[in-house]
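Accompanying notes for the structure given below.
The values are calculated or read from the model by the stated rules, or taken from the named source; none is laboratory data. For clarity, every value in this text was computed on a predicted model and none was experimentally measured. Because the Cβ atoms are built from the backbone with ideal geometry, glycine has one as well, and the counts that use them run over all protein chains shown.
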Amino acid sequence: MKHILIAFFTVLISLSIYSQDILEFEFDKARVLLAQRKIDEAFLSLNKLYQSNPENGNYNFLMGAAFAESMGKSAEAVFHLKKAIKYVSEDYTVGNFQETDAPIHAYYYLTLAFVQQDRCEEAYLALAKLKTFKTRLDKYYIEEAERHLMKCPFEPNETVEKNWNKIEPAPAGYDPTYVPEEVFLDSTALAERGIFVKEQVYSTKAPLYGVQIGANINPSPISNYGSIKNVDVFIDTKGIIRYVIGHYSIRSQAETLLKTLQEQGYKDAFIVNVNDERKYHNELISFNNVNVKAGIKGKVEFYLQLGAFEQVVPDSIKSLYQNIPQLIELDYKSHTLLLVGPTESYEKALAIKKEVDALNVSKPFIVAFNNRKKIPLQTAINHTKH
C-alpha cells in the first residue's frame, strides 16, 4: 500500500511539473505575440493562463492591457484591470512567469479603458493613482493618459469616488475562462503564414535519437546557434518549432552528443526521438522569405513604418509628417507603405521612432527588409549583431 501511495504522489508531482512547463510556455508565447501586436493570437494563451489562476495579478494585467489595446473591448479591459490593481507592486518583475503581482502600469491602461467607456471621473481617479508612482514611471505614460483624459469631461460624484477601484462582474457575453478550440496547422495552413515545410519520412519505425537544443514559437535561422553544424528545424501542428541535432539509431551516440553540447553551454539540451510524428514530422525549410539554413544574405535595412495604404498615401496623412527627413513610399504586396529610413541598425531606428512618437499622430513601429522583402524583426536584429 505504501508503494502504491508513493507511486501515486510521484505521478501527481510529475503531472504538476508538466502542467507548470506548459503554462510557462503559454506565458512566454503570449508575451512574444503581444510584443508583435498579434493580440488576437495572444488571447488563446492568455485565456489558458487566466483559467489556471483567475486571481493572478500578472495574468489579469496582461489580459487587461491587451483588451485596452483592442477596439471595442474596454469593458473586458476594465474587468481584468480592476482585478489586477489589487495586486500592484513597485517590485514587479517583467517577464517572470513566477510573478503574481501587477505592475503600476495597470493604472495607465485602466485610465485608457475608463476613457473609452466615457467613465470620465473614474479615469481621472485612476490617473491620480498613477501619478503617485511618477518617480518610477517614464513620463510618457502620464502625459499620454492626460492626453486621453482631455476629451473626457466629468462632474464629481461621491459614489464613483468610493467605487472606482472595486472589482466588478464580467461584462455580459464575456466568459474570461473560455478557451477557444486550438487550430492545428497542416502544411497548407503553415504556407498561408509564410512557413514552408518538407514532410520528413524515415524508412524505420524504430526510435531515432537526436538532441534538442531549443524550441520557440517564432522561427529563426540556424545561424543563431553560432558554429553548431547539422541543425535540423521541425515544426509541429501547434506551431511549436524545435531545433534538433542528429538522428541516431543507437541512443548512446545521442548521449555522447548531449554531453558535448552541454559542455558548450547548452545546459537545457535533452535527448528526443525524432521519429515521433507528432513533433518532428514537418521539417521547416523557410519562413517569411528567409531560408532557415541559409539564413539572411545581403544587407538588412530597418525602417519605421507609419502606415500601409491600399492605394496612394492621402495628402492629409503626408502633411502630418512633412518635416520628417527620409520619408519614403514603398510599393509592397499590393499596398503602399509609408516609411522613414532606411537605417543600418535597430538602435538608429529606435531613435527615429522616439522623434516620431513625440508628434502624437500615430503608433509607428519598426520593420526590417532584406533584398526588398520584409523579414522578422528579431531575425534582423540577431543578424546585424553577429
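List of remarks:
- Unique match (being within 21 Å of the chain's Cα centre (by Cα), hydroxyl-bearing (Ser, Thr, Tyr) and in the same structural domain as GLU90 (by the TED database)) among TYR178, TYR124, TYR109: TYR109
- Exclusive hit being within 30 Å of ASN230 (Cα to Cα), surrounded by 13 or more Cβ atoms within 10 Å (Cβ to Cβ) and not hydroxyl-bearing (Ser, Thr, Tyr), set VAL340, VAL356, VAL313, VAL292: VAL292
- Just one of the listed residues (LEU33, LEU46) is buried (at least 17 other Cβ atoms within 10 Å of the Cβ), under 26 Å from ALA172 (Cα atoms) and out of contact with any Cys (no Cβ under 6 Å at 6 or more places or on another chain), and it is LEU46.
- Count of the stretch 226-261 residues, restricted to those that are touching a strand residue (DSSP E or B) at 6+ places or on another chain (Cβ under 6 Å) and of a type in the set (Ser, Thr, Tyr), is 2.
- Residues that are of a type in the set (D, E, K, R), modelled with pLDDT of 90 or more and not in a helix (DSSP H, G or I), drawn from the stretch 341-366: GLU344
- Filter pass, PHE67 being within 22 Å of ALA215 (Cα to Cα), in a helix (DSSP H, G or I) and either of a type outside the set (Asp, Glu) or at pLDDT below 95 (or both): no
- When the criteria are applied in full, LYS151 fails the requirement of being outside any loop (DSSP other than H, G, I, E, B) and over 30 Å from LEU23 (Cβ atoms).
Let's see how each residue does on (1) in the same structural domain as VAL272 (by the TED database); (2) exposed (fewer than 13 other Cβ atoms within 10 Å of the Cβ); (3) modelled with pLDDT under 80:
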{"site": "VAL160", "(1), (2), (3)": "no, no, yes"}
{"site": "ALA170", "(1), (2), (3)": "no, no, no"}
{"site": "ALA191", "(1), (2), (3)": "yes, yes, yes"}
{"site": "LYS198", "(1), (2), (3)": "yes, yes, no"}
{"site": "ASN230", "(1), (2), (3)": "yes, yes, no"}
{"site": "VAL233", "(1), (2), (3)": "yes, no, no"}
{"site": "THR237", "(1), (2), (3)": "yes, no, yes"}
{"site": "HIS247", "(1), (2), (3)": "yes, no, no"}
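- The combined condition, being in the same structural domain as LEU23 (by the TED database), more than 24 Å from LYS162 (Cα to Cα), assigned to a helix (DSSP H, G or I) and touching a strand residue (DSSP E or B) at 6+ places or on another chain (Cβ under 7 Å), is not fulfilled by ASN47.
- From SER319, SER252, residue being more than 30 Å from the chain's Cα centre (by Cα), of a type in the set (Gly, Ala, Ser), loosely packed, with under 13 Cβ neighbours inside 10 Å and modelled with pLDDT of 90 or more: SER252
- Filter result for ILE241 (of a type in the set (Val, Ile, Thr) and free of Cβ contacts under 8 Å to residues at least 40 places away in the same chain): no
- Unmet criterion (only one of (1) out of contact with any Leu (no Cβ under 7 Å at 6 or more places or on another chain); (2) touching a residue at least 60 places away in the same chain (Cβ under 8 Å); (3) not in a loop (DSSP other than H, G, I, E, B)) for SER220: (3)
- Positions within the stretch 86-111 being crowded, with 18+ Cβ neighbours inside 10 Å and in a helix (DSSP H, G or I), in sequence order: TYR87, ALA106, TYR107, TYR108, TYR109, LEU110, THR111
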